[in-house]
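> Before I ask anything, here is the structure I am working with.
FYI, it's all coordinate maths here, none of it is from the lab. Source: prediction; values computed, not measured. Note that each Cβ is placed from the backbone with ideal geometry, even for glycine, and that neighbours are counted across all protein chains shown.
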Amino acid sequence: GYRAYDRTWDLAVPGKPVLACSNDPLLGGDATKYNPEDMLIASLASCHMLWYLHLASVAGLVVQAYEDDPIGVGEVSPGGAGRFVSAVLRPKIVISGEGDLAALEAKAEAVHHQIHKVCFIARSVNFPVTYEASYQFT
């Protein structure tokens, strides 16, 4: 029966650490383990971060810290099928810089607009991925 089977598994890729996984808690899973929804949103945030760091360095920006707290927005149909309808990345970025901080922030913000062209994960999903970045300049 539906409630009779275990909803945990190990995600194992040769040469990499094993991740303990489970269903979403709303579907009977273990809230202390990664679920597919967690991993998809984390993949979007990670891809964005990696491209941001690369493109920021090309633009001459020195990123001292980058932290994200992304949100995935989902919906469930009356029949029980779920899907993501959007994701919002919310990076907090610390950048070294002096001088015209408004120009520096505009440059830091412009980098985000380039990422949607190259991020493999964001280009692969069928829902919008937006961002709400905040900056601190040191």
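> For the chain, with only Lys/Arg (+1) and Asp/Glu (-1) charged at the beta-carbon, what is the dipole magnitude about the Cα centre, in debye rounded to 20?
400
> Enter the angle in degrees (range 0 to 90, nearest 10) between the Cα long axis of helix 101-115 and the first principal axis of the Cα atoms of the chain, meaning the one along which they spread out most.
The helix 101-115 is inclined about 40 degrees to the chain.
> Report the FRET efficiency, 1/(1 + (r/R0)^6), for D30 and K92, where r is their Cβ-Cβ distance and R0 is 30 Å, rounded to 0.05.
The value I calculate is 0.55.
> Out of the trypsin sites (Lys or Arg not before Pro) in the stretch 1-53, which ones are loop residues according to DSSP with at most 13 other C-beta atoms within 10 Å?
For trypsin sites (Lys or Arg not before Pro) across the stretch 1-53 that sit outside H, G, I, E and B with at most 13 neighbouring Cβ atoms in 10 Å, the list reads R3.
> For the Cα atoms of the chain, what angle does the longest principal axis make with the long axis of helix 36-58, in degrees from 0 to 90, nearest 10?
Orientation of helix 36-58: about 20 degrees from the principal axis.
> Among DSSP beta bridges whose residues both lie in the chain, state the antiparallel percentage, nearest 5.
Close to 65 percent.
> Between the stretch 76-138 and the stretch 13-65, what is the separation of their alpha carbon centroids in Å?
14
> Same structure, new question: Which residue fluctuates the most in the chain, going by a Gaussian network model with Cα springs under 10 Å, if the choices are E75, E67, E105?
Among E75, E67, E105, the largest GNM mean-square fluctuation belongs to E75.
> Zone of H113 (label point 7 Å along Cα→Cβ, backbone N under 15 Å): which residues in the stretch 90-107?
Zone members listed by number: 103-107.
> R0 = 25 Å: FRET efficiency of F137 with S46, Cβ-based, nearest 0.05?
Computed FRET efficiency for F137 and S46 comes out at 0.55.
> Assuming R0 = 25 Å, what is the FRET efficiency of V85 and Y5, from their Cβ-Cβ distance, to the nearest 0.05?
0.30
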